[in-house]
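**Q** For reference, the structure I am asking about is given below.
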Amino acid sequence: MPDPLGPPPSDPRPTEAETAALRDAIAQARAVAETGGMGIVAAVLSGGRVIAMRPNQVEESGDPSRHAEIVAMAAAAQALDRVDLSGATLVTTLQPCEMCLAAMRWAGISRLVFAARQEAVHPKYFQFGGLTLADFHAAADRGFVHLGGILEEEVIDLYADGQE
């Protein structure tokens, strides 16, 4: 039986579907921020379609691990009835923190597309600020593609001062 997720894209540029999902995530992040929530939104894509898109749920859940990326991966795993998300792409409005990068790799996701980069945002979003995405990439047992700064200018104002 063919894998429902299919192979990950090999082109290092974002696909049209990834860019469209990122635009939608940015719009949702702005809407969440306008209501006083933490305006970070992530999606899991496969085969050019969004499997799940979710906002950060830390405040409303009272759970510090409910970052948007983790919530989106959990929703995608539930929708697909499997925990292995190999072949999927994680798209997010903010470069994933260390916890989310680890969860992404545990889920088997090897492609990441994000808007705001660590070096362009407030340091509050990263607990190990001395570690860069390149450090995580180099330490991964299997490398992963990471495309950052995509549409960054459309969302950077949410994260630059840490007040989203």
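**Q** Pairs only if they're at least six apart or on different chains, beta carbon under 8 angstrom, first in the stretch 80-101 and open to solvent by 20 Å² or more (accessible area, probe 1.4 Å), second outside any loop (DSSP other than H, G, I, E, B); list them, first residue then second.
**A** Leu80/Ile51; Val83/Ala77; Glu98/Phe136; Met99/Ile70
**Q** Another question, if that's okay. Filter the stretch 62-73 down to residues that are under 13 Å from the mean Cα position of the chain (by Cα) and in contact (Cβ under 8 Å) with a residue 12 or more places away in the chain and give me whichever is nearest to Tyr125 (Cα to Cα).
**A** Taking the candidates together, the pick is His67.
**Q** Oh, and also: As an exercise: evaluate Asp157 against (1) without any contact (Cβ under 8 Å) to a residue 24 or more places away in the chain; (2) in a loop (DSSP other than H, G, I, E, B) and give the number of the one condition it does not meet.
**A** Asp157 satisfies every listed condition except (2).
**Q** Is there a residue in the stretch 137-147 that is surrounded by 19 or more Cβ atoms within 10 Å (Cβ to Cβ), on the phi < 0 side of the Ramachandran plot and not in a strand (DSSP E or B)?
**A** For the stretch 137-147, residues surrounded by 19 or more Cβ atoms within 10 Å (Cβ to Cβ), on the phi < 0 side of the Ramachandran plot and not in a strand (DSSP E or B): absent.
**Q** Still on this structure, please answer the following. I'd like to verify a number: residues in the stretch 103-124 that are closer than 23 Å to Val44 by Cβ, at pLDDT 90 or above and open to solvent by less than 50 Å² (accessible area, probe 1.4 Å), how many?
**A** Adding up the residues that qualify gives 14.
**Q** Residue pairs, Cβ under 7 Å, 6 or more apart or interchain, first in the stretch 119-135 and more than 20 Å from Asp157 (Cα to Cα), second open to solvent by less than 90 Å² (accessible area, probe 1.4 Å) and part of a helix (DSSP H, G or I). List them.
**A** Note: pairs meeting the criteria are Gln127/Glu98; Phe128/Glu98; Leu131/Glu98; Thr132/Gln118; Leu133/Gln118.
**Q** Can you tell me which residues in the stretch 1-31 are open to solvent by less than 40 Å² (accessible area, probe 1.4 Å), hydrophobic (A, V, I, L, M, F, W, C) and modelled with pLDDT of 95 or more?
**A** Ala17, Ala21, Leu22, Ala25, Ile26, Ala29, listed by residue number.
**Q** In the stretch 28-50, how many residues are in a loop (DSSP other than H, G, I, E, B) and either at negative phi or touching a strand residue (DSSP E or B) at 6+ places or on another chain (Cβ under 8 Å) (or both)?
**A** Residues meeting the conditions: 5.
The values are calculated or read from the model by the stated rules, or taken from the named source; none is laboratory data. In this text the structure is predicted, and so the values were computed from the model without any measurement. Every residue, glycine among them, receives a Cβ derived from its backbone with ideal geometry; neighbour counts consider all protein chains shown. Ligands, DNA and RNA are stripped out before the accessible areas are found, and what is left, the full protein with its side chains, is counted by its heavy atoms. Shrake-Rupley method; radii C 1.70, N 1.55, O 1.52, S 1.80 Å.
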